[in-house]
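The values are calculated or read from the model by the stated rules, or taken from the named source; none is laboratory data. Note that the coordinates shown come from a computational prediction; the quantities given were computed from them, not determined experimentally. Backbone-built Cβ (ideal geometry, glycine too); neighbour counts: all protein chains shown.
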Amino acid sequence: MKRTTARTTTPAPRLLIALAALALAFLLLPLIGLLLETPWAQLPALLTTTTATEALRLSIITSLLAAAVATILGVPLAWVLARKEFTGQRLVRGIVLLPLVLPPVVGGVTLLTAFGRRGLVGQYLYDWFGIQLPFSTAGVVMAEAFVAMPFLVITVEGALRNIDTRYEQAARTLGASPRTVLFRITLPMISASLLAGIVLAWARALGEFGATITFAGNFPGVTQTLPLAVYSALEVSRDEAIALSLVLLAVSLTVLVSLRGRFLGSRS
Amino acid sequence: MSVTARVITRIGDFAIDAQLEARPGETVALLGPNGAGKSTMLKAIAGLVAIEDGCIRIDSAAVDEPASGTFIPPEHRRVGMVFQDYLLFPHMTVRQNIAFGRKPRKMPADKNNDDDTWIHALDLTDLLDRKPDQLSGGQAQRVALARALATNPRALLLDEPLAALDAATKQTVRGELRQFLQRFEHGSILVTHEPLDALVLADRIVVLEDGRVTQVGPTAEVASQPRTDYLAALLGVTLHRGLATDGVVACETGGTLIASTSITGSVIAVIRPQAISLHTHKPEGSARNVWRTTVTAVEAHHDQMRVTLAGPPQLTAAVTPAAVAELGIAPGQQIWASLKATDIAVHPA
Amino acid sequence: MRFPLLAALALSLALASCAPPTADNDDATTITVSAAASLTDAFTEIGEAFTEANPGIEVRFNFAGSSTLAEQINAGAPVDVFAAASSLSMDRARDALAEPTLFASNSLAIAAPAGNPAGIVSLADLQDPNVTFIVCAVQVPCGAATEALLERNGLEVTPSSLEPDVRAVLTKVIADEADAGIVYRTDTAAAGDQVEQIAIADEVNVINHYPIAATKAAPQAADAFVDFVLSESGQQILRTWEFASP
């Protein structure tokens, strides 16, 4: 049946909205399922067990440290990518973003090849200094930082590309050294995006599982972060697993909502 | 205190080879069309761009000399710069902006270069706690100036200082800036494409066209004796090159002009449009140049009318709108024009 | 233009979610066997032998920690046979299973990386704080057995990691990421030259009894598989992999 132009434009938005609603349902239903199965009455008891508190404490400490590592190393990297022109730049950027697409377990395996006891660098750490990164809390921080850093780098690189570099030039004519320019002009001007990047990296670090269990192992109090505790609990007590999952979800959701979409990396 | 710059460099396909100098207390205007390389020269002096050859000296010490491998980065040159868009740091207040230059340099607290001096001198006391986006154009310009001066620079560079202002503010700020620059004890270089800015603010003008200096001289001289078409057009006069013998200039484009000059050889004749009178009949009088011609165009120009006359040499007359109406001047019309010999400024080419 | 694309998408989704053919189809039956990680090598061989003896029946294996497998069955995974490393794990999924039968037993051993760089000779060596050793998580049969073993021998030790299944322990030991790991005897046998086995004497060891059962909803082919495992052929294969009799 032939339709006039005016009428053919209307169906599209309806289909769009229907698909959007479907997408939202797809994402919401697991959350709702979780909330419905949560043993609300036992929640306090489940969350105050040693396993739970240790896992939560470890998760928070390691994720914060991982976010710090990602920031301290990621900001300079983002700066170089945004400001310097060099051959192989696209390849470097691809490598930097690799942890975003790699399955986390693969990430863990690659970390072992580099930092394990027989690893490229790890062997010297072990043979010369007796430092063993796998099975240590430091190993957890490394695994988490590995997967979290790309988020920070993309966000900050995007922000750096968007600010007007002439402000930095103006600062230099006023006597500011490149270091002063960075800390008093560049970073403050991208502060909103920088913060968004850090928070995003932290949230990612908090939720990391595959790389952690493969590289750092699983031991309560040392390397058993909240996601690992959930996995272990799943085999024994579904209720405990659900309770711990709820904690993770609550923390992540709070963080992401507070970001208000800033981590998309464009406007500060 | 003084700046000497010989800049030889290349940006893409564009090459610059120019020299300029600003002595203590002197304001030099770098005048030229857009794309002439003026901003590049200024940035080279500030150290934001490195030159390929030549030498830039501040107080006789080289800050950029490729031949000897000398390059002093901008933060150590102590040259203050005011940018076209002011570039006030948006995340800082006016007070913080002005104080910015002080901290990194760790200068001894000196009464003469105290931030406060400039804050008072430029009347910024009431604006100190505002953010740049809360300032008007004129206010922002003063803050930018104070910020550059608070570092006690050895020279001041201004990049199109009035370009970002609206017409009304330009007038006032131009006047204030003139007074300030006259009192400024160091050399200053200002870049502009507006002839009025150069004429009002500068002691000397350096004309830069296509990367080359085409004319240098005291303001008055350059203004009355332009040597290039660009400058002539800018100043609203017409230029005619030719060969002068016995007071008669044979123009390159054809035709002759009778001028009262003893100069012989290659010359440039400068004629102000206002000096040409138009008549419906052949005039009788002292004017030595009288000729019959056709009107090719009539245009309004500010509050005057510009009447282009067929040559050679092609001349433009400036008359009042009333005259145009009275004489019924229109394109295609035959008309008589007269020009006094004494109204033609002739100088050697 | 849009309709054909949507139709194709819908069709492929439908095809992908189709259930595998049931036993009603006599031409090709596939049965899914969930087996403890420690049975990986032995059961793979048993599977091949079974298919050879029973052409037309294909066997698909799913190896993981027994407790994980039990949870999967409870959650409704389409499994036909379950072979666990402990009755405890099997009991978790009891409701979905037919009567289980014991088919093998296993005991623990210490595995060290090839060359035994840390020079481990006995369980007591694990008490050395400089020794990095790993074990299975207590939720899996191997882990429970290890806990019992350490308790029986009066050892107060702290492992460096609790891995999700015994093969994960083995892999890390082979890679020399740990000085030692407590695994099943059969695992050290399966790893061959890649590890060095430090035997634990039977008197102080812990024995794990392996049960096998078909799920209640499983086809006949599943029972055939269980029977094969219990038969002389199956038992022979288990022995070559160093499993002991049930």
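Miscellaneous remarks
- Check on B:I45, within 14 Å of chain A (Cβ to nearest Cβ), under 19 Å from B:A202 (Cα atoms) and assigned to a helix (DSSP H, G or I): yes
- Some residue of segment B:59-71 being within 29 Å of B:A140 (Cα to Cα) and either away from chain A (no Cβ under 14 Å) or at pLDDT 90 or above (or both): no
- For segment B:8-15, the criterion of being in contact with a helix residue (DSSP H, G or I) (Cβ under 7 Å, 6 or more places away or on another chain), surrounded by fewer than 23 Cβ atoms within 10 Å (Cβ to Cβ) and within 14 Å of chain A (Cβ to nearest Cβ) is met by none of the residues.
- Condition met for A:L102 (buried (at least 17 other Cβ atoms within 10 Å of the Cβ) and more than 14 Å from chain C (Cβ to nearest Cβ)): yes
- Selection count, segment B:66-84, where residues are over 16 Å from B:S2 (Cα atoms) and assigned to a strand (DSSP E or B): 3
- Candidates in segment A:117-131 are the residues that are crowded, with 20+ Cβ neighbours inside 10 Å and touching a Phe, Trp or Tyr at 6+ places or on another chain (Cβ under 8 Å); of these, the one that is nearest to the other protein chains (Cβ to nearest Cβ) is A:R117.
- Strands (runs of 3 or more DSSP E) contained entirely in segment B:210-261, each with at least 2 residues that are of a type in the set (A, V, I, L, M, F, W, C) and over 13 Å from the mean Cα position of the chain (by Cα): B:238-245, B:248-251, B:256-258
- When segment B:124-145 is filtered for residues that are charged (D, E, K, R) and either surrounded by 12 or more Cβ atoms within 10 Å (Cβ to Cβ) or under 14 Å from B:Q84 (Cα atoms) (or both), the ones remaining, listed by number, are B:R130, B:K131, B:R142.
- All positions within segment B:258-300 that are at pLDDT below 85, under 14 Å from B:T316 (Cα atoms) and of a type in the set (V, I, T): B:V270
- Matching residues, segment B:320-341, being under 30 Å from B:L243 (Cβ atoms) and either assigned to a loop (DSSP other than H, G, I, E, B) or in contact with a helix residue (DSSP H, G or I) (Cβ under 9 Å, 6 or more places away or on another chain) (or both): B:I335, B:L339, B:K340
- Restricting attention to segment B:180-237, the residues that are buried (at least 22 other Cβ atoms within 10 Å of the Cβ), under 17 Å from B:E160 (Cβ atoms) and without any contact (Cβ under 8 Å) to a residue 60 or more places away in the chain add up to 0.
- Test: C:R185 is out of contact with any Leu (no Cβ under 8 Å at 6 or more places or on another chain) and of a type in the set (K, R): no
- Flag for B:M92 being at pLDDT 85 or above and either in a helix (DSSP H, G or I) or over 30 Å from B:Q215 (Cβ atoms) (or both): yes
- Filtering segment A:217-237 to residues that are assigned to a helix (DSSP H, G or I) and within 8 Å of another protein chain (Cβ to nearest Cβ) leaves A:Y231, A:S232, A:L234.
- Any hit, segment C:47-60, residues being aliphatic (A, V, I, L, M), at pLDDT below 90 and not in a strand (DSSP E or B): no
- Any hit, segment B:157-174, residues being more than 18 Å from the chain's Cα centre (by Cα), in contact (Cβ under 8 Å) with a residue 60 or more places away in the chain and surrounded by 15 or more Cβ atoms within 10 Å (Cβ to Cβ): no
- Test: residue in segment B:115-122 that is farther than 30 Å from B:T9 by Cα, facing chain A (nearest Cβ under 10 Å), surrounded by fewer than 19 Cβ atoms within 10 Å (Cβ to Cβ) and at pLDDT below 85: no
- Segments classed as strands (runs of 3 or more DSSP E), wholly inside segment C:81-178, with at least 1 members that are within 14 Å of chain A (Cβ to nearest Cβ) and touching a Pro at 6+ places or on another chain (Cβ under 7 Å): C:133-136
- Qualifying residue in segment A:150-162 (condition: in a helix (DSSP H, G or I) and among the aromatic types (F, W, Y)): yes
- Within segment A:155-209, the set of residues being surrounded by 21 or more Cβ atoms within 10 Å (Cβ to Cβ), at the interface with chain B (Cβ under 10 Å from one of its Cβ atoms) and basic (K, R) comprises A:R172 only.
For (1) buried (at least 24 other Cβ atoms within 10 Å of the Cβ); (2) touching a Leu at 6+ places or on another chain (Cβ under 8 Å), each residue gets a yes or a no:
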site: C:L170; (1), (2): yes, no
site: C:V173; (1), (2): yes, no
site: C:A213; (1), (2): no, yes
site: C:L230; (1), (2): no, no
site: C:Q235; (1), (2): no, no
site: C:L238; (1), (2): yes, no
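- B:L243 being more than 30 Å from B:A29 (Cα to Cα) and at pLDDT 90 or above: yes
- Checking B:D303, B:D229 one by one, the residue that is among the charged types (D, E, K, R), at pLDDT below 85 and more than 24 Å from B:P33 (Cβ to Cβ) is B:D303 and no other.
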